[in-house]
Amino acid sequence: MNLWQMLMTNRGILMDVADDGIQGGSGGGAPAGEPERKTEELKDDYVDLSQEELINRLKASEMEKANLVKETMKRKTENKSLTDKLTAFGNATPEQIAELLTAKKTAEEEKQRHEQEEQEKRGEFDAVKKQMIEAHQAELKGRDDVIATLTGEKDTLRSQILELTVGSAFSGSNFLREETLITPSKARVIYGAHFEVGEDGAVVGYDKPVGAKERAVLVDGNGSPLAFEQAIERILKADPESDALLRSKAKPGAGSNTDLGAGGKPAPKELNALDKIAAGVAKMRSGN
(Lines give C-alpha, C1' and ligand atoms only; values in the text may rest on other atoms or scores of the structure.)
Protein backbone atom coordinates (compact mmCIF):
# COMPACT_ATOMS: atom_id res chain seq x y z
CA MET A 1 0.00 0.00 0.00
CA ASN A 2 1.51 3.33 -1.08
CA LEU A 3 1.48 6.51 0.95
CA TRP A 4 -1.49 7.94 -0.87
CA GLN A 5 -3.56 4.80 -0.16
CA MET A 6 -2.55 4.90 3.53
CA LEU A 7 -3.64 8.50 3.73
CA MET A 8 -6.95 7.63 2.17
CA THR A 9 -7.43 4.77 4.57
CA ASN A 10 -6.65 6.95 7.63
CA ARG A 11 -8.88 9.66 6.32
CA GLY A 12 -11.70 7.18 6.02
CA ILE A 13 -11.23 6.01 9.59
CA LEU A 14 -11.23 9.56 10.86
CA MET A 15 -14.40 10.24 9.03
CA ASP A 16 -15.98 7.10 10.52
CA VAL A 17 -14.97 8.21 14.08
CA ALA A 18 -16.31 11.68 13.49
CA ASP A 19 -19.61 10.18 12.32
CA ASP A 20 -19.96 8.08 15.54
CA GLY A 21 -23.35 8.64 17.14
CA ILE A 22 -21.67 9.24 20.54
CA GLN A 23 -19.82 12.23 19.14
CA GLY A 24 -23.05 14.02 18.58
CA GLY A 25 -23.36 13.30 14.85
CA SER A 26 -26.70 13.07 13.12
CA GLY A 27 -26.33 9.34 12.60
CA GLY A 28 -27.56 9.59 9.04
CA GLY A 29 -25.56 8.26 6.08
CA ALA A 30 -24.01 10.45 3.38
CA PRO A 31 -25.48 10.64 -0.14
CA ALA A 32 -24.57 7.81 -2.43
CA GLY A 33 -22.11 9.73 -4.57
CA GLU A 34 -20.54 11.68 -1.75
CA PRO A 35 -17.63 9.29 -0.88
CA GLU A 36 -16.40 9.11 -4.47
CA ARG A 37 -16.50 12.89 -4.83
CA LYS A 38 -14.56 13.42 -1.55
CA THR A 39 -12.03 10.78 -2.53
CA GLU A 40 -11.35 12.54 -5.82
CA GLU A 41 -10.92 15.86 -4.04
CA LEU A 42 -8.50 14.35 -1.51
CA LYS A 43 -6.58 12.70 -4.32
CA ASP A 44 -6.16 16.02 -6.03
CA ASP A 45 -4.90 17.50 -2.73
CA TYR A 46 -2.16 14.88 -2.30
CA VAL A 47 -0.98 14.65 -5.95
CA ASP A 48 1.31 17.65 -5.74
CA LEU A 49 2.85 16.64 -2.35
CA SER A 50 6.38 15.28 -2.08
CA GLN A 51 7.14 12.02 -0.31
CA GLU A 52 8.38 13.87 2.82
CA GLU A 53 5.22 15.98 2.89
CA LEU A 54 3.10 12.87 2.48
CA ILE A 55 4.92 11.25 5.41
CA ASN A 56 4.30 14.34 7.55
CA ARG A 57 0.66 14.32 6.55
CA LEU A 58 0.50 10.63 7.43
CA LYS A 59 2.04 11.25 10.88
CA ALA A 60 -0.33 14.13 11.52
CA SER A 61 -3.24 11.98 10.43
CA GLU A 62 -2.12 9.15 12.75
CA MET A 63 -1.84 11.62 15.64
CA GLU A 64 -5.26 13.05 14.93
CA LYS A 65 -6.75 9.61 14.74
CA ALA A 66 -5.18 8.62 18.10
CA ASN A 67 -6.46 11.80 19.76
CA LEU A 68 -9.95 11.22 18.42
CA VAL A 69 -9.92 7.64 19.69
CA LYS A 70 -8.78 8.81 23.15
CA GLU A 71 -11.45 11.50 23.25
CA THR A 72 -14.07 8.96 22.20
CA MET A 73 -13.04 6.49 24.93
CA LYS A 74 -12.99 9.29 27.51
CA ARG A 75 -16.53 10.33 26.62
CA LYS A 76 -17.72 6.75 26.71
CA THR A 77 -16.23 6.38 30.22
CA GLU A 78 -17.87 9.61 31.38
CA ASN A 79 -21.20 8.53 29.95
CA LYS A 80 -20.95 5.19 31.73
CA SER A 81 -20.09 6.93 35.03
CA LEU A 82 -23.09 9.22 34.70
CA THR A 83 -25.30 6.26 33.87
CA ASP A 84 -24.09 4.38 36.96
CA LYS A 85 -24.77 7.41 39.17
CA LEU A 86 -28.28 7.76 37.78
CA THR A 87 -28.88 4.03 38.29
CA ALA A 88 -27.95 4.40 41.99
CA PHE A 89 -30.97 6.67 42.48
CA GLY A 90 -33.28 4.06 40.97
CA ASN A 91 -36.67 5.49 40.11
CA ALA A 92 -36.27 8.52 42.40
CA THR A 93 -37.54 11.78 41.01
CA PRO A 94 -35.52 15.01 41.20
CA GLU A 95 -37.89 16.21 43.94
CA GLN A 96 -37.22 13.11 46.00
CA ILE A 97 -33.49 13.52 45.51
CA ALA A 98 -33.76 17.14 46.64
CA GLU A 99 -35.65 16.02 49.76
CA LEU A 100 -32.95 13.46 50.52
CA LEU A 101 -30.23 16.10 50.18
CA THR A 102 -32.18 18.48 52.42
CA ALA A 103 -32.67 15.76 55.04
CA LYS A 104 -28.97 14.96 54.94
CA LYS A 105 -28.07 18.61 55.40
CA THR A 106 -30.51 18.91 58.33
CA ALA A 107 -29.02 15.81 59.98
CA GLU A 108 -25.51 17.21 59.64
CA GLU A 109 -26.62 20.55 61.16
CA GLU A 110 -28.33 18.71 64.04
CA LYS A 111 -25.19 16.66 64.67
CA GLN A 112 -23.08 19.81 64.71
CA ARG A 113 -25.48 21.50 67.15
CA HIS A 114 -25.42 18.45 69.43
CA GLU A 115 -21.62 18.42 69.41
CA GLN A 116 -21.60 22.12 70.27
CA GLU A 117 -23.97 21.51 73.21
CA GLU A 118 -21.73 18.70 74.44
CA GLN A 119 -18.74 21.02 74.28
CA GLU A 120 -20.62 23.64 76.27
CA LYS A 121 -21.56 21.03 78.87
CA ARG A 122 -17.95 19.96 79.12
CA GLY A 123 -17.02 23.61 79.55
CA GLU A 124 -19.49 23.92 82.45
CA PHE A 125 -18.09 20.75 83.99
CA ASP A 126 -14.57 22.13 83.70
CA ALA A 127 -15.72 25.32 85.44
CA VAL A 128 -17.33 23.32 88.26
CA LYS A 129 -14.24 21.16 88.53
CA LYS A 130 -12.07 24.27 88.76
CA GLN A 131 -14.27 25.64 91.55
CA MET A 132 -14.03 22.33 93.42
CA ILE A 133 -10.23 22.35 93.11
CA GLU A 134 -10.03 25.94 94.34
CA ALA A 135 -12.33 25.16 97.28
CA HIS A 136 -10.25 22.09 98.18
CA GLN A 137 -7.05 24.12 98.00
CA ALA A 138 -8.62 26.74 100.26
CA GLU A 139 -9.55 24.01 102.73
CA LEU A 140 -6.02 22.63 102.65
CA LYS A 141 -4.59 26.10 103.22
CA GLY A 142 -6.98 26.63 106.13
CA ARG A 143 -5.93 23.30 107.59
CA ASP A 144 -2.25 24.19 107.18
CA ASP A 145 -2.87 27.53 108.88
CA VAL A 146 -4.58 25.78 111.78
CA ILE A 147 -1.73 23.28 112.04
CA ALA A 148 0.81 26.11 112.01
CA THR A 149 -1.15 27.96 114.70
CA LEU A 150 -1.46 24.86 116.86
CA THR A 151 2.22 24.08 116.37
CA GLY A 152 3.14 27.58 117.46
CA GLU A 153 0.88 27.35 120.47
CA LYS A 154 2.37 23.97 121.31
CA ASP A 155 5.90 25.33 121.09
CA THR A 156 4.89 28.27 123.27
CA LEU A 157 3.35 25.98 125.87
CA ARG A 158 6.38 23.73 125.75
CA SER A 159 8.64 26.72 126.36
CA GLN A 160 6.47 27.77 129.27
CA ILE A 161 6.50 24.27 130.70
CA LEU A 162 10.27 24.05 130.36
CA GLU A 163 10.61 27.42 132.03
CA LEU A 164 8.38 26.36 134.91
CA THR A 165 10.08 23.00 135.34
CA VAL A 166 13.62 22.86 133.97
CA GLY A 167 14.13 26.58 134.44
CA SER A 168 12.94 26.42 138.04
CA ALA A 169 15.14 23.39 138.68
CA PHE A 170 18.25 25.29 137.51
CA SER A 171 17.27 28.44 139.42
CA GLY A 172 16.67 26.55 142.66
CA SER A 173 19.72 24.26 142.45
CA ASN A 174 21.83 24.35 145.62
CA PHE A 175 24.58 22.41 143.86
CA LEU A 176 25.01 25.06 141.21
CA ARG A 177 25.00 27.95 143.70
CA GLU A 178 27.26 26.38 146.30
CA GLU A 179 29.62 24.03 144.49
CA THR A 180 30.16 25.62 141.07
CA LEU A 181 31.60 28.86 139.80
CA ILE A 182 28.85 29.42 137.22
CA THR A 183 25.43 30.85 137.78
CA PRO A 184 22.26 28.77 137.33
CA SER A 185 21.30 30.75 134.24
CA LYS A 186 24.73 30.14 132.69
CA ALA A 187 24.52 26.46 133.62
CA ARG A 188 21.14 26.22 131.92
CA VAL A 189 22.59 27.68 128.72
CA ILE A 190 25.33 25.05 128.77
CA TYR A 191 23.45 22.00 130.07
CA GLY A 192 19.76 22.78 129.53
CA ALA A 193 19.57 20.48 126.48
CA HIS A 194 20.32 17.53 128.78
CA PHE A 195 16.94 17.88 130.49
CA GLU A 196 13.33 17.30 129.43
CA VAL A 197 9.95 17.08 131.09
CA GLY A 198 8.55 13.57 131.48
CA GLU A 199 4.95 12.52 131.05
CA ASP A 200 4.42 12.85 134.78
CA GLY A 201 5.72 16.43 134.74
CA ALA A 202 9.03 15.57 136.42
CA VAL A 203 12.35 16.86 135.10
CA VAL A 204 14.37 14.03 133.54
CA GLY A 205 18.13 14.25 132.95
CA TYR A 206 19.99 12.64 130.03
CA ASP A 207 23.65 11.86 129.55
CA LYS A 208 23.68 13.65 126.18
CA PRO A 209 21.91 16.72 124.79
CA VAL A 210 18.84 16.59 122.57
CA GLY A 211 19.57 15.15 119.11
CA ALA A 212 22.64 13.15 120.14
CA LYS A 213 22.82 9.46 119.23
CA GLU A 214 22.49 6.74 121.89
CA ARG A 215 21.07 9.22 124.38
CA ALA A 216 20.06 7.63 127.69
CA VAL A 217 18.24 8.67 130.86
CA LEU A 218 20.43 9.11 133.92
CA VAL A 219 19.32 6.57 136.53
CA ASP A 220 20.38 5.41 139.97
CA GLY A 221 21.28 1.90 141.11
CA ASN A 222 17.61 0.90 141.11
CA GLY A 223 17.04 2.08 137.58
CA SER A 224 14.99 5.09 138.65
CA PRO A 225 15.62 8.47 137.00
CA LEU A 226 17.94 10.69 139.01
CA ALA A 227 16.59 13.81 140.66
CA PHE A 228 17.68 17.10 139.13
CA GLU A 229 20.42 17.80 141.69
CA GLN A 230 22.04 14.44 141.21
CA ALA A 231 21.62 14.59 137.43
CA ILE A 232 23.17 18.06 137.01
CA GLU A 233 26.06 17.10 139.31
CA ARG A 234 26.81 13.97 137.28
CA ILE A 235 26.51 15.85 133.97
CA LEU A 236 28.77 18.71 135.11
CA LYS A 237 31.40 16.43 136.60
CA ALA A 238 31.47 14.45 133.34
CA ASP A 239 32.40 17.65 131.52
CA PRO A 240 36.12 17.67 130.53
CA GLU A 241 36.40 21.18 131.96
CA SER A 242 34.66 20.35 135.25
CA ASP A 243 37.75 21.27 137.30
CA ALA A 244 37.42 24.83 136.08
CA LEU A 245 33.70 24.90 136.89
CA LEU A 246 33.70 23.43 140.41
CA ARG A 247 34.63 25.37 143.52
CA SER A 248 37.76 24.19 145.26
CA LYS A 249 37.05 22.50 148.61
CA ALA A 250 40.66 22.71 149.88
CA LYS A 251 41.26 25.04 152.94
CA PRO A 252 44.54 26.78 153.74
CA GLY A 253 46.43 25.19 156.67
CA ALA A 254 49.63 23.54 157.80
CA GLY A 255 49.26 20.69 155.44
CA SER A 256 47.97 22.81 152.65
CA ASN A 257 49.96 23.43 149.55
CA THR A 258 48.20 26.70 148.98
CA ASP A 259 50.70 29.46 148.32
CA LEU A 260 50.22 32.40 150.66
CA GLY A 261 50.97 35.84 149.47
CA ALA A 262 51.72 38.96 151.45
CA GLY A 263 49.73 39.28 154.66
CA GLY A 264 49.16 35.51 154.84
CA LYS A 265 46.47 35.53 152.16
CA PRO A 266 46.43 32.91 149.44
CA ALA A 267 48.11 33.97 146.24
CA PRO A 268 45.53 34.68 143.58
CA LYS A 269 44.96 31.74 141.28
CA GLU A 270 45.28 32.32 137.56
CA LEU A 271 41.80 32.01 136.07
CA ASN A 272 40.98 30.42 132.78
CA ALA A 273 38.56 31.96 130.30
CA LEU A 274 35.47 30.26 131.78
CA ASP A 275 36.44 31.32 135.30
CA LYS A 276 36.83 34.87 134.12
CA ILE A 277 33.39 34.82 132.54
CA ALA A 278 31.86 33.35 135.69
CA ALA A 279 33.67 35.91 137.85
CA GLY A 280 32.49 38.74 135.62
CA VAL A 281 28.88 37.56 135.75
CA ALA A 282 29.05 37.16 139.54
CA LYS A 283 30.48 40.65 139.88
CA MET A 284 27.72 42.10 137.73
CA ARG A 285 25.07 40.32 139.81
CA SER A 286 26.63 41.53 143.08
CA GLY A 287 26.74 45.07 141.70
CA ASN A 288 22.97 44.94 141.07
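A count restricted to the stretch 202-223 and to residues that are open to solvent by 40 Å² or more (accessible area, probe 1.4 Å), more than 47 Å from the chain's Cα centre (by Cα) and within 22 Å of residue 155 (Cβ to Cβ) stands at 2.
Hey, can you tell me all the residues within the stretch 56-107 that are open to solvent by less than 60 Å² (accessible area, probe 1.4 Å), of a type in the set (Val, Ile, Thr) and at pLDDT 80 or above? Selection gives 72 alone. Residue pairs whose Cβ atoms lie under 6 Å apart, separated by 6 or more positions or on different chains, with the first residue in the stretch 238-249 and over 10 Å from residue 181 (Cβ atoms) and the second part of a helix (DSSP H, G or I), are 242/236. Cβ contacts < 9 Å: first residue on the phi < 0 side of the Ramachandran plot, restricted to the stretch 66-77; second residue in a helix (DSSP H, G or I) and polar (S, T, N, Q), any location; separation 6+ or different chain. Result? Cβ pairs passing all conditions: 68/23; 71/23; 72/23; 75/23.
The values are calculated or read from the model by the stated rules, or taken from the named source; none is laboratory data. Not measured: the values here are computed from a predicted model. As a convention, Cβ positions derive from the backbone with ideal geometry for all residues, glycine included, and neighbour counts pool all protein chains shown. Areas reflect the complete protein model, heavy atoms only, side chains present, ligands, DNA and RNA absent. Shrake-Rupley method; radii C 1.70, N 1.55, O 1.52, S 1.80 Å.
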